[in-house]
Each structure stands twice: as C-alpha cells, then as structure tokens.
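Everything below concerns the one structure shown next.
The values are calculated or read from the model by the stated rules, or taken from the named source; none is laboratory data. Quick caveat: nothing in here was measured; it's all calculated off a predicted structure. Every residue, glycine among them, receives a Cβ derived from its backbone with ideal geometry; neighbour counts consider all protein chains shown. Accessible surface areas use protein heavy atoms only, side chains included; no ligands, DNA or RNA. Shrake-Rupley method; radii C 1.70, N 1.55, O 1.52, S 1.80 Å.
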Amino acid sequence: MDKWILIDGNSIANRAFYAMPPLTNSAGLHTNAVFGFTTMLLKLLEDEKPTHVLVAFDAGKVVFRHEGYTEYKGGRAKTPSELSEQFPVMKDLLKAFGISQFELSGYEADDIIGTLTRLADEQKVETLVVTGDKDMLQLASDNVTIAITRKGISEVEHYSPAAIEEKYGLKPMQIIDLKGLMGDASDNIPGIPGVGEKTALKMLHEFGTVEEVLANTDSLKGKMKEKVETHKDDAIMSKKLATIFREVPLEHSAEDIRYEGYQPATLADAFRKLEFKSLIERLDLNGAGAEGGESAAPAVELNIVVIESDNDGEALKDMLSALQGTEHGLYVEAIGENPHQAEVLGLAAAVGDKAYVVPVSVLQQPFAAELRKWLEDADKPKNGFDTHKTELALGWRGIEWRGVAFDVQLAAYLLDPTDTNLTLNALCDRYGQSSVPHDEAVYGKGAKFKVPDNETLYRHLSVKADAVRKLTVLMRADLEKRGMNELYYELEQPLSVVLAGMERQGIKVEKAELERLGSELESKLSAAVSEIYRLAEMEFNIGSPKQLGEVLFEKLGLPAQKKTKTGYSTDAEVLEKLAPYHEIVPLILHYRTLSKLQSTYIEGLLKEVRPETGKIHTYYRQTIAATGRLSSQFPNLQNIPIRLEEGRQIRKAFVPSEPGWYILAADYSQIELRVLAHISGDERLKEAFIHDMDIHTKTAMDVFGVSADQVDSNMRRSAKAVNFGIVYGISDFGLSQNLNITRKEAAKFIEQYFEVFQGVRKYMDDIVMQARRDGFVTTLLERRRYLPDIKASNFNLRSFAERTAMNTPIQGTAADIIKLAMVRMDETLRERGLKSRMLLQVHDELVFEVPEEELELMKELVPSTMAGALKLDVPLKADVNYGVNWYEAK
DNA sequence: TGGCTCACG
DNA sequence: ACGTACGTGAGCCAT
C-alpha cells in the first residue's frame with residue numbers, strides 16, 4: 001500500500017523559523033529553520049513510513065491570484081533575510097535526503113499540493129498533507145488527512161473530514177466559505193469586517209455557503225445585515241482567493257515523488273556541514289560519510305584507564321591522587337527510573353584528558369576500599385550529574401556518597417527550570433560541547449534494553465564523566481553570572497542531601513489497614529456497579545469514558561455538555577450538572593471516587609510497600625517543577641486524599657516506624673497569600689496578616705464593604721475563590737467557571753478586589769511589564785523562570801505567559817521558603833541530637849515521626865523553624881498537629 | 001502512547 | 001475574537 005506525504009515547504013519553514021531559538025553554524029549561517037524543518041521531517045518519516053514524499057515551494061513573484069486583486073498577501077511583512085538565506089540550504093538538504101521538491105512559476109505550494117491530492121483522490125492513495133496553514137483543510141477527504149502544526153512544529157494535529165466536522169461543524173469544502181466570510185489577515189484576504197470565526201461559523205451552520213449567506217441577508221439583524229450587504233463583493237472575492245487551485249499543469253507523475261530512503265554518507269556530510277551534531281547522533285551516522293567517525297569523538301581524545309582487578313592497585317592510586325582537586329567530573333551510571341531500585345553499572349572519573357572507569361563489581365571489592373573511603377568522605381569535593389539519584393542508588397548498595405560540590409543536572413535546572421530534557425546529551429548540545437551519545441543509542445530502549453560490551457560501556461561512561469567535568473566549569477560561571485550562587489550552594493545543593501535522607505528513611509505503612517479499607521471499598525464498589533447496571537439496563541465498562549458517554553448521552557438521552565477530542569466529556573464537572581436528570585449520575589460519581597481510591601491508593605500503595613521493612617520510599621524530584629516546587633514519584637505521596645472523608649481514611653495507614661512514636665504534621669497557613677502581601681507590599685493585605693485575620697473573611701469584608709458579622713458563607717466562598725484566582729493569575733473567565741457565575745459578574749468581583757487591594761493590582765501590572773522587559777521573572781531567592789511567550793502574538797500563548805508571570809514568583813517563593821525550612825530543620829535535628837525524623841514534604845506541609853519524649857519540644861520547634869525560615873514584611877505562620885497516624889495528625 | 005480523569009497543594 | 005484559572009503524578013482505556 002502506498003502512502004504519500006505532501007509538505008507545504010514555505011509554511012513549515014516559516015513555522016520552524018519562528019518556533020526555534022536562533023541557531024547558526026560556525027560560518028555564521030542561520031540554521032534554525034532548517035533544523036526545525038529537518039526534525040519534523042525525520043519524525044514524519046519515522047512515524048508515517050511513507051512510500052512517496054514531496055516538498056512543495058512557492059515560486060516566482062506573480063501568483064495567479066494577483067490577477068484581479070493586487071493586495072493579495074500585501075500586508076505581509078517581508079521575509080527576514082535570516083530566513084530567506086535558509087531556503088537554498090533547505091533545498092540542498094532535501095536533495096541529500098533524496099526527497100523530491102516541486103515549485104512552479106506563478107503557483108503557490110498550496111496549489112501544487114492541491115493538484116496532487118486531486119490525483120490521490122482519483123487513485124485512492126492514503127495521503128498526509130503537512131502544513132501550518134488551516135486553509136489547507138479544504139483538501140481533506142476520505143483519502144487525504146491534513147496535519148496542522150501546533151505549538152511550534154514538533155507537534156501536529158491530524159484533521160480528517162470527521163475531525164473538521166467535529167471541530168468546526170463544517171465539511172472540508174466549507175473552509176473556503178469560512179475564509180470568505182472571516183477573511184485572513186495574514187494573507188490580506190479581507191472577508192467581511194466585523195465577522196470573526198464565531199459569527200462566520202454561526203452563519204455557515206445556518207446557510208452552508210457564502211452565496212447562501214448573501215442570498216439570505218434578510219434574516220440577519222441590524223448592523224450585521226448592513227455590513228454583510230456592503231461587503232458582498234469582498235466576501236465573494238475572499239472566497240475565491242482562499243480556494244486552492246487543483247489543476248496545476250505538473251509535468252510529473254506520482255513515480256517522481258517516490259521516496260527510497262536516504263544514503264547515510266550523503267546525509268551525514270550534509271549534517272556535518274550544518275553542524276547538526278545531535279541529528280548525526282540520533283540517526284547514528286557517526287561512521288558515515290567523508291569524515292568517518294571522527295567528528296563525534298571528543299575534541300581531545302580521552303585516555304581511558306579501566307580499573308578491572310586487584311592488579312590495578314597502581315592505577316587506582318593514580319586515580320585518587322588525580323581526584324584531589326575540584327577540576328574533575330564524576331559519573332555514576334544507575335539504570336532504572338526509580339533510584340531506590342536502580343542498578344549501578346559503574347563509575348567514571350575524568351581529570352584532564354584522562355578518564356578512569358571502575359565497574360561496580362570492582363567498586364565493591366576489598367582492594368577498592370580506598371576509593372570507597374574517598375567517596376564517603378564529605379570533605380572530598382565531587383562534581384557529578386544527578387547526584388541525588390546517585391546517592392540513593394549507591395546508598396542501597398552500602399556505599400554512602402558524600403561531599404557533592406557541584407551537580408550539573410541540578411545547576412541546569414536552576415538555569416532553566418522549564419527544561420524537560422536534562423540529559424547529559426542535551427546539555428552538551430546546549431553548551432556547545434562535543435556530543436555525548438544518546439543513552440538510547442548505547443543501551444537501546446524498552447524491551448530491547450541491553451548493556452553493551454565492556455569497551456563500549458566504559459567509553460560511554462568516560463565520555464559522560466568528561467562532559468560533567470567540562471559542564472561544571474561552564475555552569476558554575478553561569479550561576480554566578482545570574483546571581484544564583486546562594487540559591488544553588490546554600491539551598492538546593494544541601495536540600496538534595498536532605499531529601500535523599502528522607503527518602504531512604506521512608507514512611508511506615510500498615511498493609512493490614514490498607515487491606516481492610518480495600519475490602520470495604522470492594523463491597524461498596526460491587527454494590528455501586530450492580531446498581532449502575534440496573535439503572536442503565538445493561539452492563540458496560542463504567543471506567544471507559546467512551547462507553548459511559550454512549551450510555552449517558554445516547555441510551556439514556558442525557559444532554560451532552562462539552563466534548564473532548566475523542567467524544568463526549570464525562571468529567572466530574574459535567575456529571576455534577578447532569579445529576580438532577582437521572583439517578584444513575586450520582587452513582588457514577590460515587591463509583592469514580594471509589595475506584596480511584598481502590599486502584600491508585602489501595603492497590604497502588606500496597607505495591608510500593610517494601611516487604612522487608614513495611615515502608616514506602618518515595619522519590620522527590622528536585623528538577624521537574626517549573627516553579628521550584630518538588631514533585632514526588634514511585635509513589636506520589638504528595639497527593640494522598642484528604643478532602644473527602646472516604647479517601648482521608650487512607651491516611652490511617654501511615655504510621656510511625658517505631659512503637660510508641662507519633663506522626664507530627666505542620667503546615668504553613670496561607671503561605672502564598674502572605675508571600676503576595678510581602679512582594680506586592682499591599683498595605684491592606686499586610687495589615688490583615690499582621691493581625692492574623694481570617695484572610696478570606698477579611699477579603700469578603702473589604703470587597704463587599706461589609707462588617708465581619710455580615711459576611712455569610714457564600715460571600716466568604718466567593719472571596720476565597722478570588723484569592724485563589726489572584727494567586728493563579730486571575731482571569732474573569734477562570735473565576736466565573738470556578739464560582740459558576742457569569743463572566744461579567746466575575747469581572748466585577750475582580751475589579752472590586754483590585755479597587756481595595758491596589759498594591760496587588762500594581763504588582764500584577766508590574767510583574768508582567770518586568771517579564772516583558774527581562775524575559776523572565778524571579779522569586780525572592782532569585783530562582784528564575786523564563787517566559788519566552790510573554791511577547792507572543794498568539795493571544796493564548798501570551799495570556800498563559802502573563803498568568804505564569806503573576807503566579808511563579810508567588811508559588812516559587814513559597815517553594816523557596818519551605819525548602820529553607822527543610823534544610824534548617826535537618827540541621828537542627830542533627831545539632832541537637834534529636835531522634836525525630838523528617839519524612840515527607842507536601843508543598844506547604846512537613847511530616848515527621850517523633851518519639852514521645854520529644855513531642856513537646858517538636859510541637860514548638862517545627863512550627864517556629866518553619867515560620868522563621870525567611871523574614872518577610874508579614875509574619876509567617878505554621879500550625880502543628882500530631883497523632884498515632886497521619887490521619888490523626890489533623 | 002496519548003487522552004481522559006482525578007488525587008493533592 | 002481569541003479560550004483559560006497555577007503546579008504536579010498515576011491508573012485506565014483505546015489505538
């Protein structure tokens with residue numbers, strides 16, 4: 001079966017150019033559009049496995065559409081030279097790929113593609129059109145799917161005729177009617193002024209085509225009628241301009257676009273010229289082409305010494321003396337996502353042009369005692385990568401890794417906390433270092449994972465250690481430059497050690513208690529299931545949103561609320577609204593609650609309890625959250641139920657690990673709003689916290705202008721929602737959703753809030769301006785988050801960035817504060833020789849286990865340490881509770 | 001593997 | 001006119 005891919009070259013190149021950060025090769029040639037284009041192409045080839053591929057380009061100045069309308073595409077800014085210089089490069093690269101490209105004087109890429117899709121329809125060949133231009137949706141058919149780029153270029157959304165129907169309620173051909181009515185500013189297609197997408201869709205749903213709309217203007221009202229009638233001709237012309245011409249005189253046949261695959265050598269040479277090192281790695285082209293494998297090798301050839309047996313005592317001595325200074329890099333390879341269970345393969349150390357490798361089997365032998373002593377010596381500084389994981393992986397094998405001086409991964413996170421690819425390979429690319437091979441290329445992935453032969457493995461570890469050595473120097477300087485030394489060395493680095501301690505300590509969980517709750521749930525579940533089947537008069541999988549949707553909206557005929565990509569939405573919000581219509585609905589909500597508890601919290605947690613100790617050991621990730629918060633995995637202990645009593649019972653299973661001890665939990669009171677009071681300097685808000693008032697009640701008093709005893713529960717609830725909204729970066733829509741009120745009412749609340757809390761309004765305005773000016777926002781401890789979308793022309797992207805600008809300093813500063821408290825608390829417990837142990841962190845809460853004799857002390861010490869972690873213009877406050885389990889500590 | 005749903009702060 | 005509240009992780013279903 002043939003499969004064609006037709007790519008709109010100009011459109012994709014444009015998208016790539018604006019989506020990618022600037023990038024040049026050493027000759028100064030801009031390459032970002034080429035790079036983006038290429039990554040997208042590779043993904044397409046891999047995902048779609050086409051038999052035929054064509055890239056079409058616009059050609060010539062005079063496009064036939066100009067005849068009769070000279071302003072077509074007139075308003076468009078001139079293509080910047082940084083992009084136009086990349087077109088010839090792109091065309092050469094396509095040649096190297098062996099991919100055909102068409103352009104034809106006087107026609108646009110759209111028309112060429114339109115013509116080929118006509119052939120595809122005639123021959124019934126499965127075809128994918130790839131473009132950034134929604135106009136192309138008009139080409140969709142049973143054979144032809146349109147892939148539209150979104151979010152840059154890495155992702156595409158596929159549109160079949162059914163998908164278009166679902167999203168717009170239109171047939172593919174009606175897309176040109178849509179454009180005819182609403183126009184397209186980017187192509188200078190006028191449409192009818194004042195008609196946007198919403199209005200246009202409404203008209204088309206009623207009348208079907210531009211012509212029918214124009215013939216029925218009588219049924220329109222007032223201004224709209226007038227506008228449509230005065231711009232009849234514009235609409236007709238716009239429709240014509242938006243119509244893709246599908247009869248281009250091509251002198252080619254389908255055979256001309258057959259794709260046979262690329263020649264590795266040719267492609268390797270082309271990539272090398274462009275300095276696309278990561279792509280060479282990705283396609284494993286190192287051995288290919290003119291330069292053979294040399295280019296991927298480190299600039300200076302590493303001299304690798306493998307320490308394999310006790311005959312290598314001398315080499316080991318060399319290694320240890322070389323490691324005395326701080327100019328080194330260490331890398332410990334620990335395989336597996338969960339560090340508590342990771343398998344350690346070995347350790348490599350790079351100093352100068354030398355690398356020493358110690359396989360794990362050797363590391364554990366008697367003659368390596370000196371090395372182990374060095375690793376365990378807190379006074380011997382070590383530079384590593386993901387040392388948090390290393391500490392856990394080695395720790396479970398009896399080696400206490402201490403004395404981390406610098407961690408390249410942690411530093412990279414602070415330098416850009418939104419970076420989701422914190423691998424050595426990616427960091428080397430970003431910092432212009434010679435590339436480290438992808439782990440996937442060395443080990444394979446998934447079921448194909450395999451440790452390679454020793455030579456390959458040792459080389460890989462050496463190259464990584466060498467990369468750590470080089471990146472350490474660069475990143476230390478970067479942290480310094482950004483004023484982040486204190487954040488790194490005084491907070492995050494020490495915290496990493498504190499976290500590892502908590503994780504290894506673990507928290508004791510009573511399996512029997514979970515099992516007891518589990519069997520209660522089981523009987524409630526089976527009762528709910530049979531009742532649901534009875535009311536539905538059929539059996540189906542309640543856990544399948546698809547089947548549930550069919551039952552609710554088709555069989556039972558309940559009114560569908562909103563839709564998702566794949567069908568009816570059945571989330572809790574929808575079901576709440578449906579509850580009055582049918583008694584099955586509350587049962588389904590109940591079923592959802594129960595099955596969530598059963599699968600995630602009973603079965604899920606039971607699987608994580610270590611049989612030897614009865615404990616659960618979570619793993620806090622310190623390099624994930626963009627705001628600086630921690631996250632918790634394997635299992636997540638930061639989302640144990642509390643809001644509903646049924647789920648809260650789960651907490652009864654979390655108990656102290658020593659008999660007679662207690663669980664003590666302390667949480668910050670309103671930390672985010674206190675932080676907001678501090679950074680905004682708003683006098684009223686500060687005043688409220690200085691007097692330790694109930695903040696939601698106080699907000700209600702001020703916003704509604706009433707006295708404390710006049711605030712009813714509804715007013716307080718609204719005020720609470722407004723306070724939440726303020727922290728999140730408020731929008732009238734968001735608030736209206738949350739409170740189930742109209743947008744207008746929500747907007748009024750917000751306006752009233754800002755009238756009263758003018759300092760907060762000023763903060764919100766200032767922080768957005770600051771983000772626009774600097775490109776980033778910071779927390780009190782100089783944690784930084786970049787907001788590249790703050791200047792985006794796309795409303796959505798920009799609005800999102802603005803809300804993030806408002807929220808991140810607040811959420812991030814709160815994260816800074818509790819992290820400080822954790823480091824202090826750990827020190828204090830140690831210094832005072834206390835037995836109490838810090839076990840968990842849940843964003844604004846710390847959980848300890850405490851022996852009876854320390855209870856009185858800890859009840860005072862924990863909240864005072866938390867409150868004193870950072871001095872603000874308002875007091876910080878923490879409440880403390882304790883009990884025989886986590887449930888009782890409330 | 002991605003989408004949906006839902007648990008937490 | 002645009003379509004949203006901020007930040008996470010896990011289980012299950014459908015593909």
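Let's see how each residue does on (1) modelled with pLDDT of 85 or more; (2) open to solvent by less than 30 Å² (accessible area, probe 1.4 Å):
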{"site": "A:ARG15", "(1), (2)": "no, no"}
{"site": "A:GLU46", "(1), (2)": "no, no"}
{"site": "A:ALA56", "(1), (2)": "yes, yes"}
{"site": "A:GLY60", "(1), (2)": "no, no"}
{"site": "A:PHE64", "(1), (2)": "no, no"}
{"site": "A:TYR72", "(1), (2)": "no, yes"}
{"site": "A:GLY75", "(1), (2)": "no, no"}
Can you confirm whether region A:216-224 contains a residue that is part of a loop (DSSP other than H, G, I, E, B), within 16 Å of DNA strand C (Cβ to nearest atom), of a type outside the set (A, V, I, L, M) and open to solvent by 40 Å² or more (accessible area, probe 1.4 Å)?
yes
Checking A:LYS317 against (1) at pLDDT 85 or above; (2) outside any strand (DSSP E or B); (3) surrounded by 15 or more Cβ atoms within 10 Å (Cβ to Cβ): exactly one of these is not met. Which one?
(3)
State all residues of region A:707-727 that are open to solvent by 90 Å² or more (accessible area, probe 1.4 Å) and within 16 Å of DNA strand B (Cβ to nearest atom); if no residue qualifies, say none.
A:PHE724
Breaking point among (1) in a helix (DSSP H, G or I); (2) more than 29 Å from A:LEU605 (Cα to Cα); (3) open to solvent by 30 Å² or more (accessible area, probe 1.4 Å), for A:GLU573:
(2)
Scanning region A:744-786 for residues that are among the basic types (Lys, Arg) and in contact with a Gly (Cβ under 8 Å, 6 or more places away or on another chain), which turns out surrounded by the most Cβ atoms within 10 Å (Cβ to Cβ)?
A:ARG783
Is at least one residue of region A:553-566 among the acidic types (Asp, Glu), within 16 Å of DNA strand B (Cβ to nearest atom) and closer than 29 Å to A:GLN633 by Cα?
no
May I ask you to list the residues in region A:621-673 that are within 13 Å of DNA strand C (Cβ to nearest atom) and among the small types (Gly, Ala, Ser)?
A:ALA625, A:ALA626, A:GLY628, A:SER631, A:SER632, A:GLY647
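Quick grid of which residues meet (1) farther than 30 Å from A:THR564 by Cβ; (2) touching a strand residue (DSSP E or B) at 6+ places or on another chain (Cβ under 8 Å); (3) without any contact (Cβ under 8 Å) to a residue 24 or more places away in the chain:
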position	(1), (2), (3)
A:LEU178	no, no, no
A:PRO190	yes, no, no
A:LYS202	no, no, yes
A:HIS205	no, no, no
A:GLU229	yes, no, yes
A:MET237	yes, no, no
A:LEU241	yes, yes, no
Kindly check whether there is at least one residue in region A:395-410 that is in a helix (DSSP H, G or I), open to solvent by 10 Å² or more (accessible area, probe 1.4 Å), closer than 17 Å to A:VAL463 by Cα and not small (Gly, Ala, Ser).
yes
Restricting attention to region A:423-441, and to residues there that are among the aliphatic types (A, V, I, L, M) and buried (at least 18 other Cβ atoms within 10 Å of the Cβ), which single residue is farthest from A:ARG785 (Cα to Cα)?
A:VAL436
Could you list, in sequence order, all residues of region A:615-670 that are aliphatic (A, V, I, L, M), within 11 Å of DNA strand B (Cβ to nearest atom) and in a helix (DSSP H, G or I)?
A:ILE650
Those residues of region A:605-620 which are more than 15 Å from A:LEU839 (Cα to Cα) and within 9 Å of DNA strand C (Cβ to nearest atom) amount to A:LEU605, A:LYS607, A:GLU608
Just to check your reading of the model, which residue among A:ILE730, A:ILE741 is farther than 30 Å from A:GLU486 by Cβ, open to solvent by less than 60 Å² (accessible area, probe 1.4 Å), in contact (Cβ under 8 Å) with a residue 12 or more places away in the chain and assigned to a loop (DSSP other than H, G, I, E, B)?
A:ILE730
